[in-house]
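Undergrad: First the structure, which I've put down as structure tokens, then a few questions once you've had a look.
Here, each number is a calculation from the coordinates, and none is a lab measurement. These numbers come from a predicted model, not from an experiment. Note that each Cβ is placed from the backbone with ideal geometry, even for glycine, and that neighbours are counted across all protein chains shown.
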Amino acid sequence: MNPLQKLAASALCAIFVLMVLATFLLPTPYARQFRDIPNADPSTAHPLGTDALGRDSLSRLLYGTRVSLLLAPAAALLSTMIAALLGSIAGLLGGWFERIVLAATDLSLALPWLFLLLVVRATLPLDVPPFVSVVIAFLMMGLLGWQAPIRVICAAARGVRDSDYLLLARSSGCRPARLLLGHVAPNLRPLFYVQFFISIPLFILTEANLSILGLGVMEPMPSWGNLVRGFEDFSTLAASPWRLVPLILLVIVVMCFQLVLPSQEVTQ
Amino acid sequence: MIETRKSTNFFRLGLRRLLFLVCLGLGGVLASATLVRFAPGYGAEERELDPRWRADSVEALRQKQGLHRGLPSFYFHYLSALAHGDLGESDSLKRPVGELLRRRLPVTGNSVIRGLGVAWLAAAGLASLGLVTRGWWFEASTTAFNSLLLSLPSAVVAMLAVHLRTPVFCAIAVVVFPRLYGYIRNLLVRSYHQPHVLAARARGLGSSAILLRHVLPLAAPPLLALFGVSFAISFGAAIPIEALCDSPGLGQLAWQAALSRDLPLIVNVTLVVSLVMLAANSLADLAGRAFAGSTQ
């Protein structure tokens, strides 16, 4: 790790600690309205001021950070698990199953991801409680985001398939499930971790896009996307630059992930 | 003899791709039809909830809509309507989907093509410049700028475009550029370090000549494949950009359809976009193979 990567990793750790401690740091509940002071400037009671509905911006930022930073890794975990399972089986078995999985992957990679997300979102009700909207967003991203990691995992599993130790395990009567769980998966574990971490910034950006379009996390629950949605009028931000903090935090986190992780060449 | 065999193989590959596209299109149409048929509220009309309508009138209305038809019959009617260019009617806009697509596709196509053109020119130009100059300052500044652009959600780029009153294609170019630049730069650097390029440099060839004669031909097939992928990226970026910039294209239509849960519309929009993407990818792949074959 070079010094820049160390700095990025430290910043990410600090933001994750902030997220964990958000419950203790919240000055007020995120949905509580101070109706007499909407759009207030920063003060000791409200260090980042209040929004148009009079809600404390710092509380909403801390809670929104928690929602976004829990949602994205959870979706990344689900998509990596699907990719790990399908990719490992495809690589291990080879033949027609591998061809079908790779063809389906190529097909999914060729399609614009956001269109698929919109189709799935359109089949589900929009008027749902905020917590349900978080679960829907997590499931949509997790279940549709396995395409990119699966190719890498399948290629690595194919390499393991021809190894001597797997031949030995096969000759000693190991069953396919045991081969997969006891021999292939442990060898591919570092790859699973890398794919998991690579997916996180992608899902953070997707959640932000969906929430800005009104199809992600629903109000009054905050997320980075919801908070950035309030910037529709950029001209007011010149007079109150502290409102940019959620966007700056989002950009810093995604940039830190990009610095720490191996480069993703093309991301949708 | 070898040339004839090569062209026959290429023709076969093209035919296979075309067949694959047709099969995929058929599969996509059937999947779309299934989604539309089993969507919650399919065929339900406001008139059915009107208490002034008698039960037998409501039943007659349902018969007219073909709700009692079996699934095979539904597929048959859907496919035959599609063969006549009838993609159904939008639930929310109450207009034929085909007409909406005909109006909106050129708007998005225009923005996407212009945006891609600008993004490709900027990315390829900057990557080539970096290769020729090879200065650390240029490298560091472009990498930092690229990383910043990659970290911005496309919806935020769209908001900035609205604020700065820039055209939609510029916002698409800003979203696509960093994805292209990183890949093109890596590809050119990798090609630049090949032994034959080193030999050309040792012979005293200039930087531009090396780039044009030795690096670009080597990098062309993957670059052509990237061209196909960049279409998918730009169409994906078109949704938030057109929605927020109020541009009447396919992206805005898809967003409006998702917000109003208009499944016949969103499914058909996605189907059309998917077929355009797959055709673009197949063409790019074939062009890459043809180029690789001709350089060999």
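Undergrad: Beyond 15 Å, what percent of the Cα pairs of region B:246-296 remain?
TA: 59 percent
Undergrad: Sticking with this one: Which of A:C256, B:C23 has the fewest other C-beta atoms within 10 Å, and how do the rest follow up to the most?
TA: Listed from fewest to most nearby Cβ atoms, that is B:C23, A:C256.
Undergrad: If I take the Cα coordinates of region B:205-296 and project them onto the principal axes, what are the three extents in Å, biggest first?
TA: Here the spans come out as 60, 25, 13 Å, largest first.
Undergrad: Bin width 10 Å, origin at 0, all Cα-Cα pairs of region A:144-219: what percent of pairs per bin?
TA: Final binned percentages: 16, 35, 22, 15, 9, 3.
Undergrad: Moving to a separate point now. When Cβ neighbours within 10 Å are restricted to other protein chains, what is their mean count per residue of peptide B:228-236?
TA: Rounded to a whole number, the mean comes out at 4.
Undergrad: Using helices alone, what [θ] at 222 nm do you get for chain B, with -39,500 (n - 2.57) per DSSP H run of 4 or more residues, divided over all residues and rounded to the nearest 500?
TA: Result for chain B, helices only: -27000 deg cm²/dmol.
Undergrad: Post the alpha-carbon centroid distance, region A:120-176 to region B:225-296, in whole angstrom.
TA: Centre-to-centre distance over Cα atoms comes out at 25 Å.
Undergrad: Let me check against my output: what whole-number percent is the relative contact order of region A:74-241, with C-alpha pairs under 8 Å and at least 6 apart?
TA: Here the relative contact order equals 33 percent.
Undergrad: More than 24 angstrom separation, counting every C-alpha pair in region A:82-188; what % is that?
TA: When all Cα pairs of region A:82-188 are counted, 39 percent exceed 24 Å.
Undergrad: Rank by packing, highest mean first: peptides A:202-212, A:165-175, with packing defined as the count of other Cβ atoms within 10 Å averaged across residues.
TA: Taking the mean over residues of other Cβ atoms within 10 Å, the ranking is A:202-212, A:165-175.
Undergrad: So, one more: Placing unit charges on C-beta atoms (Lys and Arg positive, Asp and Glu negative, everything else neutral), compute the dipole magnitude of the protein assembly as shown about its Cα centre in debye, rounded to 20.
TA: Value, rounded to 20: 1660 debye.
Undergrad: Here is a follow-up. From the mean inverse distance of alpha carbon pairs (Kirkwood) and the Cα radius of gyration, derive Rg over Rh for region A:15-107.
TA: 1.36
Undergrad: Roughly speaking, what % of Cα-Cα pairs in region A:32-77 are separated by over 18 Å, rounded to a whole number?
TA: Numbers: 386 of 1035 pairs.
Within region A:32-77, distances greater than 18 Å cover 37 percent of Cα pairs.
Undergrad: In whole angstrom, and with the biggest value first, how far do the Cα coordinates of the protein assembly as shown range along each principal axis?
TA: Ordered largest first, the protein assembly as shown gives principal extents of 85, 68, 60 Å.
Undergrad: Once Rh is set to the Kirkwood radius over Cα pairs, what Stokes-Einstein translational diffusion coefficient, in µm²/s, holds for chain A at a temperature of 10 °C and a viscosity of 1.306 mPa s?
TA: Answer, rounded: 77 µm²/s.
Undergrad: Further question: Does region A:208-257 come out rounded, prolate or oblate by the C-alpha gyration tensor, with a ≥ b ≥ c the root eigenvalues, rounded set by a/c under 1.5 and, if not, prolate when a/b is larger than b/c and oblate if not?
TA: Verdict is oblate for region A:208-257.
Undergrad: Let me ask something additional. Starting from 0 in steps of 10 Å, tell me what percent of the Cα-Cα pairs of chain B lands in each bin.
TA: Going from the shortest bin to the longest, the percentages are 6, 21, 24, 22, 15, 8, 3, 1, 0, 0.
Undergrad: In peptide A:209-219, how many Cβ atoms from other protein chains are near each Cβ within 10 Å, on average?
TA: Across A:209-219, the average partner-chain Cβ count within 10 Å equals 4.
Undergrad: Non-local amide H neighbours of B:E89 (under 5 Å, H modeled in plane, Pro and chain starts lacking H): which ones?
TA: Residues meeting the amide H criterion: B:V97.
Undergrad: Ranking request for peptides A:240-246, B:51-57: highest mean number of other beta-carbon atoms within 10 Å first, then the rest in descending order.
TA: Ranking, from highest mean packing down: A:240-246, B:51-57.
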